[in-house]
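Enquirer: Dumping the structure here so I can ask a few things about it.
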Amino acid sequence: MADLNDIYSARLLDLAADIPQSTPLADPDASASAHSKLCGSTVRVEIKVEDGKITDFGQGVKACLLGQASAAIVGREIVGTRFDEFKDVTSQMRGMLKGNGAPPAGRWADLALLEPVRDYKARHASTLLIFDAVERAIEQIELNNETDQPILSTATAS
């Protein structure tokens, strides 16, 4: 089991202190939020999309250090990401935390910094909030891509 100090590394503290894309979008194509009942963390995301790719992103993060660090990495890497790529990264994150899966690689490799969270199940929900919210926004766009109206959605993590 990882030591609790391994989770709260200096690098995660740096990431959490500088969350990119924190300005709300003026006219998002979809907006979703996710909330952890366990710790009270909340993440709200707004996305603009074109041809299955995220072209702009905004987020509001009221979360613990782990939720902030996850959101910082996602905020840094998400613009230009195709829906299928983000779903793959989300699946890899869940596998990394809930099983013995490898962390995401490539430009998402900093998510490996969250690997020690695997041993602390109570921290999984807050770490995955940003992924839950973005995935929910993507799902809404995929389900309602024929409408021109913004889509608002809320999800709660257990």
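The values are calculated or read from the model by the stated rules, or taken from the named source; none is laboratory data. Worth saying up front: this structure is predicted, and the values here are computed from it rather than measured. Every residue, glycine as well, gets a Cβ built from its backbone with ideal geometry; the counts of neighbours run over all protein chains shown.
Enquirer: Could you list, in sequence order, all residues of the range 97-143 that are over 16 Å from GLN68 (Cα atoms) and among the hydroxyl-bearing types (Ser, Thr, Tyr)?
Expert: Matches in the range 97-143: TYR120 only.
Enquirer: Still on this structure, please answer the following. Might you let me know whether the range 110-121 holds any residue that is more than 24 Å from ALA10 (Cα to Cα) and among the hydrophobic types (A, V, I, L, M, F, W, C)? Walk me through it before giving the result.
Expert: Going through the range 110-121, the residues more than 24 Å from ALA10 (Cα to Cα) turn out to be none.
Within the range 110-121 (the criterion being more than 24 Å from ALA10 (Cα to Cα) and among the hydrophobic types (A, V, I, L, M, F, W, C)), the answer is no, since none of the residues qualifies.
Enquirer: Give me the pairs: first residue in the range 124-137 and under 15 Å from LYS62 (Cα atoms) and in contact (Cβ under 8 Å) with a residue 60 or more places away in the chain, second residue β-branched (Val, Ile, Thr) and in a helix (DSSP H, G or I), beta-carbon distance under 7 Å, and six or more apart or on different chains, which are they?
Expert: Going by the 7 Å Cβ cut-off, the qualifying pairs are THR127/VAL117; ILE130/VAL74; PHE131/THR90.
Enquirer: Which residue, of ASP51, ASP119, is within 21 Å of ASN144 (Cα to Cα), out of contact with any His (no Cβ under 6 Å at 6 or more places or on another chain) and surrounded by fewer than 18 Cβ atoms within 10 Å (Cβ to Cβ)? So that I can check it myself, show each step before the final result.
Expert: On the way: ASP119 fails: within 21 Å of ASN144 (Cα to Cα).
It is ASP51.
Enquirer: A follow-up question, please. Output the residues belonging to the range 114-140 that are β-branched (Val, Ile, Thr) and at pLDDT 95 or above.
Expert: Our first condition is that a residue be β-branched (Val, Ile, Thr); within the range 114-140, this holds for 117, 127, 130, 134, 138.
Listed by number, the residues that qualify are THR127, ILE130, VAL134, ILE138.
Enquirer: Can you work out which of the residues in the range 54-80 that are within 13 Å of the chain's Cα centre (by Cα) and either among the polar types (S, T, N, Q) or farther than 22 Å from SER9 by Cα (or both) is surrounded by the fewest Cβ atoms within 10 Å (Cβ to Cβ)?
Expert: VAL79
Enquirer: How many residues, within the range 18-76, are in contact with a helix residue (DSSP H, G or I) (Cβ under 7 Å, 6 or more places away or on another chain), more than 17 Å from ASP132 (Cα to Cα) and part of a strand (DSSP E or B)?
Expert: Matching residues across the range 18-76 total 1.
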